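Below is one structure, written out as structure tokens, with a few remarks after it.
The values are calculated or read from the model by the stated rules, or taken from the named source; none is laboratory data. The structure presented is a predicted model; accordingly, all values stated were derived computationally and were not measured. So basically every Cβ, Gly included, is an ideal-geometry build from the backbone, and we count neighbours across all protein chains shown. Ligands, DNA and RNA are stripped out before the accessible areas are found, and what is left, the full protein with its side chains, is counted by its heavy atoms. Shrake-Rupley method; radii C 1.70, N 1.55, O 1.52, S 1.80 Å.
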Amino acid sequence: MFTLIDLPYAPTALEPVISAQTLSFHHGKHLQAYVDNLNKLLPGTGPIDLQLEDVVKQSSGAIFNNAGQILNHNLYFTQFAPNPAAPAGKVVDQIVKQWGSLDAFKAEFEAKGVSLFGSGWVWLAADKDGTLVITQEPNAGNPITKGLKPLLTFDVWEHAYYLDYQNRRAAHLSALWQIVDWKVVEARYVK
Ligand code: MN
């Protein structure tokens, strides 16, 4: 059985960047539906014993879409905090090394989120040597299918922002930096 993760903060904790209403639908309805779908697609004991990441790497079609969306949302929801500490750590040092500044990185990340046509995710990921890359993944895509380690992601499906920002995807992506917990990103990077 795959299960719905608990959010590591209160429903109102991310306001005004993400409203309690958006969080309620996004976590309680959208993510729950992906979990329910995957459990229907993988009944019994075979692949269900696999880790979610293994399912994503090895599947296609409906199983990939639902497993990918669960993995993506699990990484997404757990990377936020209401009052995160200032960005610091090896991953931030590497960002500054590659992009020149954290602001320059944020600008490129946001631009790649804005320019992703339709539904999908923009990712910060690392290769085996720790070199960072920003990737655009359509629909349920995750950079682990390219052999990369996913570190940070912004969801650009309309359900992630439409209640709060309507068509203003860029404004939503720009606001998300306020709640990114860089300690979580760092832990993923050094793991
Ligand atoms: Mn979503």
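One residue stands out in the stretch 61-87 among those that are out of contact with any Asp or Glu (no Cβ under 6 Å at 6 or more places or on another chain), assigned to a loop (DSSP other than H, G, I, E, B) and of a type in the set (Gly, Ala, Ser): the one that is most open to solvent (accessible area, probe 1.4 Å), namely ALA86. Is it the case that the stretch 88-102 has a residue that's surrounded by 19 or more Cβ atoms within 10 Å (Cβ to Cβ) and either within 16 Å of the ligand (Cβ to nearest atom) or not β-branched (Val, Ile, Thr) (or both)? For the stretch 88-102, residues surrounded by 19 or more Cβ atoms within 10 Å (Cβ to Cβ) and either within 16 Å of the ligand (Cβ to nearest atom) or not β-branched (Val, Ile, Thr) (or both): absent. I'm trying to understand the selection: among the residues of the stretch 17-45, which are touching a residue at least 60 places away in the same chain (Cβ under 8 Å) and not hydroxyl-bearing (Ser, Thr, Tyr)? Scanning the stretch 17-45 gives VAL17, ILE18, GLN21, PHE25, HIS26, HIS30.
Only one of these is out of contact with any helix residue (DSSP H, G or I) (no Cβ under 6 Å at 6 or more places or on another chain), open to solvent by less than 10 Å² (accessible area, probe 1.4 Å) and not assigned by TED's automatic domain parsing to the domain that holds ASN37: LEU148, LEU173, LEU152, LEU124. Name it. Even if it seems obvious, please write down each step before you answer.
Values: LEU148 fails: open to solvent by less than 10 Å² (accessible area, probe 1.4 Å); LEU173 fails: out of contact with any helix residue (DSSP H, G or I) (no Cβ under 6 Å at 6 or more places or on another chain); LEU152 fails: out of contact with any helix residue (DSSP H, G or I) (no Cβ under 6 Å at 6 or more places or on another chain).
Residue meeting the stated conditions: LEU124.
Of all residues in the stretch 152-191, how many are among the charged types (D, E, K, R) and part of a strand (DSSP E or B)? Steps first, answer last, please.
Pass one, the stretch 152-191, residues among the charged types (D, E, K, R): 155, 158, 164, 168-169, 181, 183, 186, 188, 191.
Restricting the remaining residues to those that are part of a strand (DSSP E or B) gives 155.
Residues meeting the conditions: 1.
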